[in-house]
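These notes concern the structure reproduced below.
Only the coordinates and a few stated rules stand behind these numbers; no lab work does. Computed from a predicted structure; not experimentally measured. Because the Cβ atoms are built from the backbone with ideal geometry, glycine has one as well, and the counts that use them run over all protein chains shown.
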Amino acid sequence: MNDNTRKPEMLDLRTLNVAKDKGAQLKQLFPSVFTETRNENGKLVESIDFEKLKAELSQFSDFFESRRERYGMDWPGKKECLRIIQQPSVATLKPCREESVNFDNTENLYIEGDNLEVLKLLQKSYYSKVKMIYIDPPYNTGKEFIYPDNYTESLETYLAYAGLVDDEGKHFSTNAPNEGRFHTKWLNMMYPRLYLARNLLRDDGVIFISIDDNEVSNLRKLCDEIFGEENFISSIVWEKRYTRSNNAKLFATLTEHILCYRKGSEVENIREPRNEKADSIYSNPDNDPRGDWTSVSYVNPATKQQRPNLVYPIKNPFTGAYVEHPTNAWKYEKSVYEEHVRDNKLYWGINGNNTYPRLKKFLSEMNQEMVPVNFWDRESTGTTDEGSKEVDELFGAKVFDFPKPFRLIKRALSIATARDSNDIVLDFFSGSSPTAHAVLVLNKEDGGNRKFIMVQLPEPCDKNSEASKAGYRTIADIGKERIRRVIKKIEGDQKAKAIKASKQLPGMEDKLPQLDLGFKVFKLNKSNFKVWDGSNTKPAEEDLFKQLELHIDHINPSSTQEEILYELLLKAGFVLTEKVEKIGLAGKAVFSIAEGSLLICLEDEITRELIDAVAEAEPLQFICLDEGFRGNDQLKANAVQTFTARNQGRDKAEQIVFRTV
């Protein structure tokens, strides 16, 4: 028997390998271009024959072979960005129950940490699962914006910045005063994050990005490259304020941009609900029993010579006179006009003294959805002043500068997400959490079940700020508290509704929508396991021995079972909000995830009886600690054989995957 058949699969504790994943996709399309070569160590490795790939794509490659110029966006550091994207993370997200609300039942997430590292960690679990992304990234105004200044050790940099390790040499900052508004650093900050974010979008997913004039042109080019120029939807102009500033030297800026892109062609039509403004043009001046209506011109822009088939006399029912337009045709053929007459859809004015008729369009006939426009005025979406007022009223103090009004994001949600779905909404520059606010309010209004994932760096509040004086240490603390206060307010409103409903008709309170009013808090930190550092292909002898010593006992002794559990969930590709139950199997505590799809045992002793019980339960995956076998290779080999026998004759998708960690 081959030794490999007696070994369980080791769970990969690293995040999704983006380069490997893209290579697998390429192999599906062009299997003939893959070959074997020897690397610098003489080991056989799979490689791509780029000459063959050129031949496969000769229709396109000939064009570029004829000249050196390329169309595209380039800047210093772009290659480094691509390397960063492909560098897996070995961090984890640790649960924080004490800062959460309704931890065990909610499907909303708040993640505190560097968003680049967090986006990598979400790749396996949330790949192609997010319906909508909204971000309001830091604008490149010449002032400092926060990001890791040393990407090669971004986790260590973050931990030092967040005060989780003692290293004063690490910090998050860029754009020193002498650098001004350099575009390069901003692009280096945005590119890997947008690239990873696209992976998380569903095939019918949409992203909205708020941006000002300084980087909108660069952001447009960046998104054209990452999402594809053909997936650009709109550049929305938002009226963020309506009073001019006389402090401006040139023009006062009253608007901002919101770039909107789709993941792919599955998004064919976009509609938004009708609003009060759209309905305000409807009235009923003639008391028509069909209800409110508006009217449109019956005159065609085309001339009589251009559309002779639409030229005929029309009778005014009030005067009996026949009229024709002197120069233009009518909009409709005569047979359609006659239908309009029979249906009493022509309006000649209150007393019938209009020169030409107009066609009635009834509100009851209108679709409840309408095509969105690319100008979002302040009446329908709010202003920056409104955003500030919302936060001030919630906190009773000015704890955050220039937050977006939640109505702005709510409008994007109404376009990109559905009420009767479990759509996931992601914001990885969440700030004071207006996106979470918008999700909670919209769910309350329409009974929806949208879920949010907020990601925010724990950026320290200025010591002299109102936020710091009010006791908020970081921006993340403000964001979490805002969500708690919005939840409390909605709970109060729901309770008042229930009391009112029960008074009107007993039992009606049970008809109120069951809203998800909670969120789980997770914090970025080091892995609970000592992960092998394979970054150096030829480590020094002393470094090699140090690595080996670390991995004799590779579990951090300070890690709790719950912290280990959620890391395994994340690394095994399960979402962080999956239902977790603790069950007993063969006298051992086992965690059952997603109704038994994944079973995890963190006991320090694995028995034959437990292996048999797990095999009988038939999960899709079983994960246990390698140290649970206590060096009993025979028991481990028997476990592999037990699952192999159970998998006999089954499709690959239905086979039990046995992993140790």
Q: Subtracting the Cα-Cα distance from 0.36 nm times the residue separation, let me have the gained length for Asn374 to Glu595 in nm, one decimal.
A: 75.1 nm
Q: Given the peptides 421-429, 345-353, 281-289, arrange them by the average over their residues of other C-beta atoms within 10 Å, most packed first.
A: 421-429, 345-353, 281-289
Q: List, in order, the whole-Hz ³J(HN,Hα) value for each residue of the range 318-331 obtained from phi through the Karplus relation with A = 6.51, B = -1.76, C = 1.60 and θ = phi - 60°; use x for Gly and Pro.
A: 7, 9, x, 7, 9, 10, 9, 6, x, 10, 10, 7, 7, 7
Q: Give me the lysines in straight-line cross-link reach of Lys315: C-alpha distance below 21 Å, same-chain residues under 8 apart excluded.
A: Lys304, Lys331, Lys334, Lys345, Lys360, Lys361
**Q.** Antiparallel bridges, percent of DSSP beta bridges restricted to the chain (to nearest 5)
**A.** 60
Q | Sequence-distant residues sharing a close amide H with Arg202 (under 5 Å, placed H) | A | Lys129, Val130, Lys131
**Q.** Contact order relative to length of the chain, as percent, for alpha carbon pairs under 8 angstrom and 6 or more apart
**A.** 18
Q) Three principal axis extents, largest first, for the C-alpha atoms of the range 276-366, in Å? A) 41, 27, 20
Q: Name the lysines eligible as straight-distance cross-link partners of Lys52: C-alpha to C-alpha under 16 Å, and not fewer than 8 places from it in the same chain.
A: Lys27
Q) For Asn284, which sequence-distant residues (separation of 5 or more, or a different chain) have an amide H within less than 5 Å of its own amide H, given hydrogens modelled in the peptide plane? A) Trp293
Q) What is the calculated FRET efficiency for Lys488 to Ser297, with r their C-beta to C-beta distance and R₀ = 51 Å, to the nearest 0.05? A) 0.45
Q: Quickly rank 110-116, 227-233, 45-51, 252-258 as a protection proxy: mean count of other C-beta atoms within 10 Å, highest first.
A: 110-116, 252-258, 227-233, 45-51
Q: List the lysines whose Cα lies under 19 Å from the Cα of Lys588, skipping any in the same chain that are fewer than 8 positions away.
A: Lys636
Q | Total charge dipole magnitude, the range 337-396, about the Cα centre, Cβ charges on Lys, Arg, Asp, Glu only, Debye to nearest 20 | A | 580
Q: Output the pairs from Lys389/Lys410; Lys263/Lys526; Lys277/Lys495 with a Cα-Cα distance over 28 Å in this structure; if there are none, say none.
A: Lys263/Lys526; Lys277/Lys495
Q) So who's got an amide H within less than 5 Å of the one on Tyr110, skipping anything under 5 residues away but keeping other chains? H placed 1.01 Å off N, in plane. A) Met454, Lys520, Val521, Phe522
**Q.** Pairwise FRET efficiency - Leu57 versus Glu581, Cβ, R0 = 60 Å, nearest 0.05
**A.** 0.75
Q. Computed FRET efficiency, Cβ-Cβ of Asp213 and Lys304, R0 41 Å: what is it to the nearest 0.05?
A. 0.30
Q) Treating the beta-carbon of each Lys and Arg as +1 and of each Asp and Glu as -1, no other charges, what is the dipole magnitude of the chain about its Cα centre, to the nearest 20 debye? A) 1980
Q: Calculate, in nm to one decimal, what Arg271 and Thr560 gain on full extension: separation in residues at 0.36 nm each, minus their alpha carbon distance.
A: 99.3 nm
(Q) Compute the helix-to-body angle for 475-504: its Cα long axis versus the longest principal axis of the chain, expressed 0 to 90° and rounded to tens. (A) 60
(Q) Just to confirm the number: angle between the C-alpha axis of helix 216-227 and the first principal axis of the chain, 0 to 90 degrees, nearest 10? (A) 60
Q: Quick one: of Lys78/Lys124; Lys22/Lys571; Lys185/Lys451; Lys120/Lys480; Lys398/Lys520, which pairs are farther than 29 Å apart, Cα to Cα?
A: Lys185/Lys451
Q.
Below 9 angstrom from the Cβ of Leu16, what's the summed charge of the other residues (Lys, Arg +1; Asp, Glu -1)?
A. +3
**Q.** Residue-wise HN-Hα coupling along the range 194-208, computed from phi with Karplus coefficients 6.51, -1.76, 1.60 (Hz; x: Gly, Pro)
**A.** 5, 4, 5, 5, 4, 4, 7, 5, 5, 4, 9, x, 9, 10, 10
Q. Sorted by average packing, counted as other Cβ atoms within 10 angstrom per residue and highest first, what order do 241-247, 479-485 take?
A. 479-485, 241-247
